[in-house]
Amino acid sequence: MSTEQKGEDDQQVASTTAVGLRGMVEEQYRKIKENAETYPYVWGSYIVVYGGFALWGAYRWRKLRRTEDRVRVLQERLRKLVETEESASTVKSVEKAPPAPDKTSK
């Protein structure tokens, strides 16, 4: 009788101990699954709340990226506009510059 009990204990210990990473993951999954089946409303509320946070975060992230893209486009347009104005002003200043007077007449 003790050998049968000892054999059962060995099987129980072998089945409960996780063998490697896969065994640990399977054991954790089993615990979570049992808990979710026991408390479905709690897990449902977790999904609703944290899912809402995830959706809000994704929305804000996307909005930030769009804003950054618009700012980049506006900065590029402004840079080109400044370059054209500077080039136009340098051309005008060169055309309007009076010739240098000769100082050899002294």
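In a helix (DSSP H, G or I), more than 22 Å from the chain's Cα centre (by Cα), at negative phi and among the acidic types (Asp, Glu): does that describe residue 68? Steps first, answer last, please.
Details: in a helix (DSSP H, G or I): yes; more than 22 Å from the chain's Cα centre (by Cα): no; at negative phi: yes; among the acidic types (Asp, Glu): yes.
No.
Picking from 4, 8, 27, which residue would you name as being of a type in the set (Asp, Glu) and at pLDDT 90 or above? Reasoning before the result, please.
Numbers: 4 fails: at pLDDT 90 or above; 8 fails: at pLDDT 90 or above.
It is 27.
Somewhere in the range 82-89, is a residue within 30 Å of residue 33 (Cα to Cα), more than 17 Å from the chain's Cα centre (by Cα) and not aliphatic (A, V, I, L, M)?
no
The values are calculated or read from the model by the stated rules, or taken from the named source; none is laboratory data. What you see is a predicted model; the values in this text were computed from it and never measured.
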